[in-house]
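Notes to accompany the following structure.
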Amino acid sequence: MKLRLILGDQLSPTLSSLADVDANDDIILMCEVREEATYVKHHKKKIAFVFSAMRHFASTLSEQGLKVTYVKYDDPQNAGSLLGEVKRALALHDVAEVIVTSPGEFRLQEDMSCWAVKLGLPVTIREDDRFLCSAEEFAAWAKGRKQLRMEYFYREMRRKYSILMNHGEPVGGQWNYDAENRKPPASGLDIPDTFRAKPDAITNDVMELVATHFPDHFGDLSPFHYAVTRDQALVALNQFIEKRLTHFGDYQDAMIQYEPWMYHSHIALYLNCGLLTPLECIERAENAYHKGLAPLNAVEGFIRQILGWREYVRGIYWLKMPEYKSENFLSAQRALPDFYWTADTQMNCLRQCVSETKQNAYAHHIQRLMVLGNFALLAGIDPDAVNDWYMLVYADAYEWVELPNVSGMVLFADGGQLASKPYAASGAYINKMSNYCGGCKYKVSAKNGPTACPFNYLYWDFIARNEGKLRGNPRMGFMYKTLDRMGEEKREAIKDDTRRFFNALEQNEKV
Ligand code: FAD
Ligand code: DLZ
Ligand code: SF4
């Protein structure tokens, strides 16, 4: 008999650990355990989502005639850890081998590599083949390259899977249509609502459990409307393709007050736990283009996120771990401000993005990058604290995707292995791409003084403070030329404003 362990982000019928399952003999083990639910104190909605999706997946497997042992969180016998639960199952059954698909996080992979010794029987860790590029293939692509740029990786993937290709050339003649994808928000946009599933009895049970056992975790548990089965996730995907994909490209970088969903797909949480596969999402978008239902800039932009960015950041993660986790190129050390938890700030952009994160366990990419991340970068917040926050607050967060986005894309903590320059921006960028500034106590047009937008002086303080490390970056040349032209008075004003702002933060004053 074989014991097949399935983790909370492995909810795919095609999972490698299930490939040769013997319905008459093998046992499938799934368990809700304290260790996984609390190694970071995940958002309440994320725990509810993962547990409910796990329970639904387990009942689908049972309906197919497989023998499933499902351990609920509040089972009095629950050992609290994956290894503990495997041991408990081994004591009850005559198991010859444990089979598991390779986990998505380094810490768990390290742990599992010792299980055979700890358990005294063979533990087979199979490749997770739900990704479009294996870790080995990525390492081969990376070998000998000075710079690992996503764009070149993405082109290889387009060729490999023949996506948006026409006789070896990219459809439309260009690989990338990003230049058409940076429209500021227009007024009067009619943005379709996101997919909303009605919680069923399983989800209601799980929500009660989360309210009881995780009361001090961040975030709002209700309303809960995420898909928790593959069928529901497919409906959510179709709804995106039909109603929002057309404008995905145009407004990909736009932010509108009280519009948390915009034209994004809201499928990362389903992709990352296995309810959807990357290729089916890509193919549905490509079909929409061929049927004339969505323009090329939107379809190519969406496909690039999944076929390009998603696979690329995973490749970087496995290539660079474990060193990547402790990188701090800019020696950033500031504590994470309280308003990342409370949303209690006068900076409207941050207030809006934190509030939406708290409500939905979701924020779209540009909110994560250019508001929440940009502030953390400019303020020099410790990468460990920022990574912990991002891992904890989003329903789609797993370290393989969260860490390269935060340490690489946002904080430049990896010194430029992922991004060629820091994504630092002043308030002007946020003002151009959102309508947040109109409702802000600060003036985005003011550069200095107590009423000036803090992003404005923090931006220049960031440039000046990190001169030793960034001046040599060819893409930062223009910034340093501008800094060089600044008079002494202006530089002093920036320093004074920054000092005043950080003092207020340290005194726990509302900033
Ligand atoms: P859409 O905007 O509709 O994009 C479609 C899909 O493309 C996403 O579902 C996702 O699977 C993929 N994708 C898009 N951008 C990226 C990216 N940069 N890296 C990897 N995949 C991408 N994504 C996560 O899945 N988990 C995370 O923990 C996570 N943390 C992030 C932290 C920061 C600081 C930043 C800047 C980005 C992070 N991202 C993360 C990437 C991206 O922001 C989310 O995938 C996206 O916002 C999810 O919403 P969506 O499904 O509506 O995506
Ligand atoms: C995210 C998560 C949570 C909250 N809880 C569980 C759990 O109780 N049991 C489980 O098997 N998996 C859970 N997961 C997903 C794991 O954390 C995930 O498999 C690892 O982080 C590896 O990616
Ligand atoms: Fe954010 Fe500055 Fe605009 Fe206020 S003025 S919303 S702080 S960018």
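All of the numbers you see were taken from the coordinates with simple rules; none came from a lab. As the structure is a prediction and not an experimental result, all values here were calculated from the model. Methodologically, a virtual Cβ is constructed for each residue, glycine included, from the backbone with ideal geometry; neighbour enumeration extends over all protein chains shown.
With the helix formula -39500 (n - 2.57) applied to DSSP H stretches of n ≥ 4, the chain reaches a computed 222 nm mean residue ellipticity of -12500 deg cm²/dmol.
Once C-alpha pairs closer than 8 Å and six or more residues apart are averaged by separation and normalised to the residue number of the range 91-228, the relative contact order reads 15 percent. Extension gain, Leu121-Ala179: 0.36 nm per intervening residue step, less the Cα-Cα distance, totals 15.3 nm. The packing ranking, built from the mean of other Cβ atoms within 10 Å per residue, places the peptides 487-495, 300-308, 11-19 in the order 300-308, 11-19, 487-495, highest first. The lysine pair count for the range 2-126, using Cα distances under 30 Å and pairs eight or more places apart or on different chains, is 21.
Put a dot 7 Å past the Cα of Glu489, heading toward its Cβ, do the same for Ser326, and the two dots end up 4.9 nm apart.
Legend: ranking of residues Met262, Met486, Met476 from fewest to most surrounding C-beta atoms inside 10 Å; resulting order Met486, Met476, Met262. Ordering Gly249, Ala268, Ala363 by the projection of their Cα atoms onto the charge dipole of the chain, which places +1 on the Cβ of Lys and Arg and -1 on the Cβ of Asp and Glu, puts Gly249 at the extreme positive end. Stretched out straight at 0.36 nm per residue, the stretch from Met1 to Leu293 would grow longer than its current Cα-Cα span by 100.1 nm.
DSSP beta bridges in the chain, what fraction antiparallel, as a percent rounded to 5?
10
With R₀ fixed at 35 Å, the C-beta to C-beta distance from Arg34 to Glu283 puts the FRET efficiency at about 0.35.
Basic side chains Lys and Arg get +1 at the Cβ, acidic Asp and Glu get -1 at the Cβ, and with that the dipole of the range 2-126 about its Cα centre reaches some 460 debye.
Count charges around Asp220 for me, please; just the other residues with Cβ under 13 Å from its Cβ, Lys/Arg as +1, Asp/Glu as -1.
For residues surrounding Asp220, the net value is +3.
For the chain, the percent of C-alpha pairs falling in each 20 Å distance bin, counted from 0 to the bin holding the largest distance, reads 21, 55, 22, 2. Considering the range 274-385 at the alpha-carbon level, its Rg and Dmax are found to be 17.9, 51 Å.
Among Leu66, Tyr226, Gln417, whose Cα projects farthest towards the positive end of the dipole of the chain, with charges put on the beta-carbon of Lys, Arg (+1) and Asp, Glu (-1)? Of the listed residues, the answer is Gln417.
With the simple spin-label model, which puts each label point 7 Å out from Cα in the Cβ direction, the Gln147 to Ala19 separation comes to 3.8 nm. With a threshold of 19 Å on the Cα-Cα distance, the over-threshold entries among Lys443/Lys510; Lys143/Lys320; Lys146/Lys421; Lys183/Lys291 are Lys183/Lys291.
Taking Cα centre as origin and charging only the Cβ of basic (Lys, Arg, +1) and acidic (Asp, Glu, -1) residues, the dipole magnitude of the chain rounds to 1680 debye.
Within 15 Å, Cβ to Cβ, of Ala89, how many net charges do the neighbouring residues add up to if Lys/Arg are +1 and Asp/Glu are -1? Combined, the nearby Lys, Arg, Asp and Glu give 0.
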